Structures are given as C-alpha cells and as structure tokens.
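Chemist: What follows is a single structure, and I will ask about it in a moment.
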Amino acid sequence: NWNVFGSFGQAESSITQTGNVRVSAYQAAIRNNQANIFVPDGVDPAVAATYQVTGAIDGIVEQTILSADMSGEVAGLSSPWAETPVNVAFGVEYREESLQTAGTGLDADVAGFNQAPAISGSFDVNEIFGEAKIALVEDKPFVEELIFDGAYRYSDYSSVGGVSSYAAGLSWTPKAGFRVRGQY
C-alpha cells in the first residue's frame, strides 16, 4: 500500500477590541479637570472619546504538508516460530508552518485588553519514519501470539535541529481473550 498527498491550509482572523483606554490621554483629561471619575456623569462623552481606543488584531496562519508513505507485508520474511509475515511502514514528510499577526491601537500606552505587537515566525521540518510489526511466536503452548512493535522517526526542524523519537513494545496473548501488553 502506498500513499502520497499534499495539503495547504490558511486561516485568517480579525479581532476587534473595544473598551480600551489610552492611559496618557486619560491622565491628561484628569489633570485638565476634564474627567472626574468620582462623581456620576463626571466624564463628558466627547472627552471620553479622546482616550477610548478600539484595537484590532489581524492574523494569518498557514500550513503546508507534503507526505509519502508505503506499508505492507514483506513476503517471505517471518520469524521461524510464526507464519505471519513481517509488516512494515515507512515514509517521509515535509511540513511548513507560519504565523503573522499585526495589531493596531493596542500598544504599551493602552490599558484594557492585551497589547498586540506585530509578530511573525515560521519553521519547517523534514521527517523520515519507519514502523515494524513482527509476529515472533504463534500457536505454541502458552503463546497463542507474541508480537513486537517498533517505530522510529527522525525530524529535522529549521528552528531547533534534529530530534529522534522511537517506540518499542511487546504484546503477548497466552490464550484467546487474554492479552498482556507493554510499550516504551
């Protein structure tokens, strides 16, 4: 069995935040006796409009994936104590992720919601992986089935370099309906 695919996704977001206050303008209104927060209606709506800020955060997230894999039985390769052929899967994958955001009206002088400095970043990763499922023993006394599973993946990130991950496990079925598994 084989599989080849590519995928591209993009999500755009736009968030508007109201109810923010430009701190320096608010302090100036208090110093100039244009705003008195200690009395009802102590702030003229026209004065309040000078320090109220509506902010916006716009962003774009993109992801690109290219992948190919193959899997199946390896004809003629099996344990001497089992009939089931070795099953393998292997493949390669490339992923690229990026993010860009830009905020307007939400800087260090604004109180209310989060500041929104413009940020952007991206990384890509090249990966290779393989898996194997090997029936070690079948149809023997106290061992209806003993199976080894193993997997390995090497990932090379543009941001942090190469990393490896792996797994290994055994599954023992002494009789039908009872199974013991261990996985690392």
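The values are calculated or read from the model by the stated rules, or taken from the named source; none is laboratory data. What you see is a predicted model; the values in this text were computed from it and never measured. With ideal geometry, Cβ positions are generated from the backbone for all residues, glycine too; neighbour counts draw on all protein chains shown. Surface accessibility is based on the protein's heavy atoms, side chains included, excluding ligands, DNA and RNA. Shrake-Rupley method; radii C 1.70, N 1.55, O 1.52, S 1.80 Å.
Chemist: Quick one: accessible area per residue over region 1-160, 1.4 Å probe, rounded to a whole number of Å²?
Modeler: Numbers: 10410 Å² over 160 residues.
Heavy-atom accessible area per residue stands at 65 Å².
Chemist: If you don't mind, there's one more thing I want to ask. Between Gln17, Gln34, Gln100, where does the largest GNM mean-square fluctuation fall for the chain, given springs only between Cα atoms within less than 10 Å?
Modeler: Gln34
Chemist: Starting from the Cα-Cα distance between Ala151 and Phe5, subtract it from 0.36 nm times their residue separation and give me the gain in nm to one decimal.
Modeler: Using 0.36 nm per residue and subtracting the Cα-Cα distance, I get 50.4 nm.
Chemist: Also, quick follow-up: When the Debye formula is applied to the Cα atoms of region 1-101, each taken as the same point scatterer, what base-10 log of I(q)/I(0) results at q = 0.18 Å⁻¹?
Modeler: The Cα Debye sum returns log10 ratios of -0.91.
Chemist: Rounded to the nearest 20 debye, what is the charge dipole size of region 1-137 about its Cα centre when +1 sits on each Lys and Arg Cβ and -1 on each Asp and Glu Cβ?
Modeler: 500 debye
Chemist: Using a cut-off of 10 Å between beta-carbons, work out the net charge of the residues near Arg22 (Lys and Arg +1, Asp and Glu -1, Arg22 not included).
Modeler: Summing Lys and Arg as +1 and Asp and Glu as -1 gives -2.
Chemist: Continuing with the same structure: Comparing Asn87, Asn36, Asn20, which has the greatest mean-square fluctuation in the GNM of the chain with Cα pairs linked when under 10 Å apart?
Modeler: Among Asn87, Asn36, Asn20, the largest mean-square fluctuation in the Gaussian network model of the chain belongs to Asn36.
Chemist: Looking at region 74-165 from every direction and averaging, what is the projected area of its Cα convex hull in nm²?
Modeler: The Cα convex hull of region 74-165, projected and averaged over all directions, gives 10.8 nm².
Chemist: Now, a different point. What are the extents of the Cα atoms of the chain along their three principal axes, listed from largest to smallest and rounded to whole Å?
Modeler: Largest first, the chain extends 93, 34, 24 Å along its Cα principal axes.
Chemist: Once you wrap a convex hull around the alpha carbon atoms of region 145-184, what is its projected area averaged over all directions, in nm²?
Modeler: The Cα convex hull of region 145-184, projected and averaged over all directions, gives 3.2 nm².
Chemist: In deg cm²/dmol and to the nearest 500, what is the mean residue ellipticity at 222 nm of the chain if only DSSP H runs of at least 4 residues count, each as -39500 (n - 2.57), divided by the residue total? Walk me through the numbers before you get to the answer.
Modeler: Values: 2 runs with 16 residues, N = 184.
Counting only the DSSP helices, I get -2500 deg cm²/dmol.
Chemist: Which of Ile57, Ile128, Ile30 moves most in a GNM of the chain, Cα contacts under 10 Å?
Modeler: Ile30
Chemist: Leaving out ligands, DNA and RNA, what percent of the accessible area of the chain is carbon and sulfur, probe 1.4 Å?
Modeler: 57 percent
Chemist: Show me the ranking of peptides 170-183, 142-155 by mean Cβ neighbours inside 10 Å, starting with the highest.
Modeler: Going from most to least packed, we get 142-155, 170-183.
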